[in-house]
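Here is the structure we will look at, set down as C-alpha cells.
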Amino acid sequence: MNLHDQYERPLRDLRISVTDRCNFRCPYCMPAEIFNERYQFLPKPHLLTFEEITRLTRIIVRLGALKIRLTGGEPLLRQDIEKLVAMLNALEGVDDLAMTTNAFLLPQKIDALKAAGLRRLTISLDTLDDEIFRQMNGGRSGVDKVLAGIYAAETAGFTPLKINAVVQRGVNDHRLVDLARFFKARGHILRFIEYMDVGNMNGWRMEQVVSAAEIVETVDAELPLEPVAGNYFGEVARRYRYLDGEGEIGLISSVTQPFCGSCTRMRLSPEGQIFTCLFAIEGASLRDPLRAGATDDELEAIIRATWGERIDRYSEIRSSLTEEVRDRRKKVEMYHIGG
Ligand code: SAM
Ligand code: SF4
Ligand code: SF4
C-alpha cells in the first residue's frame, strides 16, 4: 500500500544527492567564502556506496517513489556515476530516472550516461551573459562550457531538456527574456526558480526574490504567454506556453506561491539520511542501521515511520516566521540534499 504523510501526501519522488562536493561556487548555494580549501567535505567512507544507494532506492520505490532524480552537489563529480545510473535503471518499478547537473563535465560523460539508461536531464544555467554567469557560479565557469554540455545532451537525444535558472534581483533579472528566447528556439523547457532561503549560508533576503508573477509579466511583454494546466499531482512548476505555439516555460514559485500541499518528495543525502523537506532541520539515518546489519524490512519500517510522521510545509509558513526565528533555525544545506 502506498505511504501517506500526516497531510495525506503520498511518497512519489526520490531525490538522491550523490555527493556534497561541487566544482562551482554559486553564491546562492555554496558561497566560496565558506566552501573554501579549509571546508571539510564528507570523507569517502561516510558516503553511501552505489550498492547501498541501490538497496535503499529499491525499498523506497516499493513504497511508492516511482520517479528518481540524481543530484548533489554536482552529481557528475561522483566517480563512475554512470554505474549507479545503470544499477538504478535495472530496478523494477522505476518510471523515471533523471539528473540535475551544472553540465560542466557533461560532454565527457554524456555517452556513458545515455548507455547506462539515464532518461532525462535538467541543466542549470542562470544567464547567457558571461560576466553575470561567472558571478553566479563563483568564477568557476563561462557560459560556453555549459552550452557545450547542452549541445552534447541534444546530440545524445536528451530533448527536450529542462533548464533551471535561479532569478536574483539586481543580478540576472534584466536578462530573462534573452534566456527565454534562446531556449524557446532550441525547443527546451526553461524553468525560472524563485531564489530560496535554503540552508543557512547564502544570506537570503526577501528583497532579492523576483516573484514568479513578475517573471511571467517580464517574459510575456516580449514573448506572449498563456497558462497551461498542470500535468500531474505534485508537479512543482507552473507551466506557461508561448502563444505562438512554440514551446513553454515553467515557474518554480516556492517563495511567493508555495506548493507544500502537493509535495511528494523524499530526499536521500550522500551519507544516507532521509529528509522529508528541503528546509528540514534533521534527517533520519538509514546508513547507520544499514551498516549495522538491518534487514530490508527494518529499513522499510524506518522509512515508513519517517514519511508517516511528516508534517513539513516550511514554504507555506515561511512568511509567518520572523527573520530572527528564520535565522536561528538551522536548516540542512541545499548542496547536501539537492535542489
Ligand atoms: N549542481 C547541480 C546543479 O546546479 O544543477 C545539482 C544540484 S543544485 C543544488 C540543484 C538546483 O538547485 C540547481 O538548479 C540550482 O540552481 C538550484 N538552487 C541552488 N540554490 C538555490 C537557491 N538558493 N534558490 C533556488 N534554487 C537554488
Ligand atoms: Fe554547485 Fe549546483 Fe550548488 Fe551551483 S547550485 S554550487 S552548481 S550544487
Ligand atoms: Fe516540500 Fe518542504 Fe518545499 Fe514545502 S517547503 S514544497 S514541504 S520541500
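Looking only at residues in segment 113-143 that are open to solvent by 40 Å² or more (accessible area, probe 1.4 Å) and assigned to a helix (DSSP H, G or I), the one that is farthest from residue 58 (Cα to Cα) is 131.
Which of the residues spanning segment 294-329 are within 16 Å of ligand 1 (Cβ to nearest atom) and at pLDDT below 80?
Those that are within 16 Å of ligand 1 (Cβ to nearest atom) and at pLDDT below 80: 326, 327, 329.
Every condition in (1) in contact with a Ser or Thr (Cβ under 8 Å, 6 or more places away or on another chain); (2) buried (at least 21 other Cβ atoms within 10 Å of the Cβ) is met by residue 162 except one, and the failing one is (2). The residues listed here are 254, 285; of these, the one that is closer than 27 Å to residue 311 by Cα, within 16 Å of ligand 2 (Cβ to nearest atom), open to solvent by less than 60 Å² (accessible area, probe 1.4 Å) and among the small types (Gly, Ala, Ser) is 254. Within segment 103-131, residues that are under 19 Å from residue 73 (Cβ atoms) and among the hydroxyl-bearing types (Ser, Thr, Tyr) sit with their Cβ atoms under 6 Å from residues that are in a loop (DSSP other than H, G, I, E, B) and at pLDDT 95 or above, at 6+ positions apart or across chains, in these pairs: 124/102. Condition (residue is in a loop (DSSP other than H, G, I, E, B), within 28 Å of residue 196 (Cβ to Cβ) and out of contact with any Cys (no Cβ under 8 Å at 6 or more places or on another chain)) applied to segment 296-309: is it met by at least one residue? Within segment 296-309, one or more residues are in a loop (DSSP other than H, G, I, E, B), within 28 Å of residue 196 (Cβ to Cβ) and out of contact with any Cys (no Cβ under 8 Å at 6 or more places or on another chain). Within segment 312-324, residues that are open to solvent by 40 Å² or more (accessible area, probe 1.4 Å) and among the hydrophobic types (A, V, I, L, M, F, W, C) reach no partner that is in a helix (DSSP H, G or I) and within 16 Å of ligand 1 (Cβ to nearest atom) with beta carbons closer than 6 Å at six or more positions or on different chains.
The values are calculated or read from the model by the stated rules, or taken from the named source; none is laboratory data. Here the structure is a predicted model, which is why all the values come from computation and not from measurement. Every residue, glycine as well, gets a Cβ built from its backbone with ideal geometry; the counts of neighbours run over all protein chains shown. All accessible areas refer to the heavy atoms of the entire protein, side chains included, with ligands and DNA or RNA removed. Shrake-Rupley method; radii C 1.70, N 1.55, O 1.52, S 1.80 Å.
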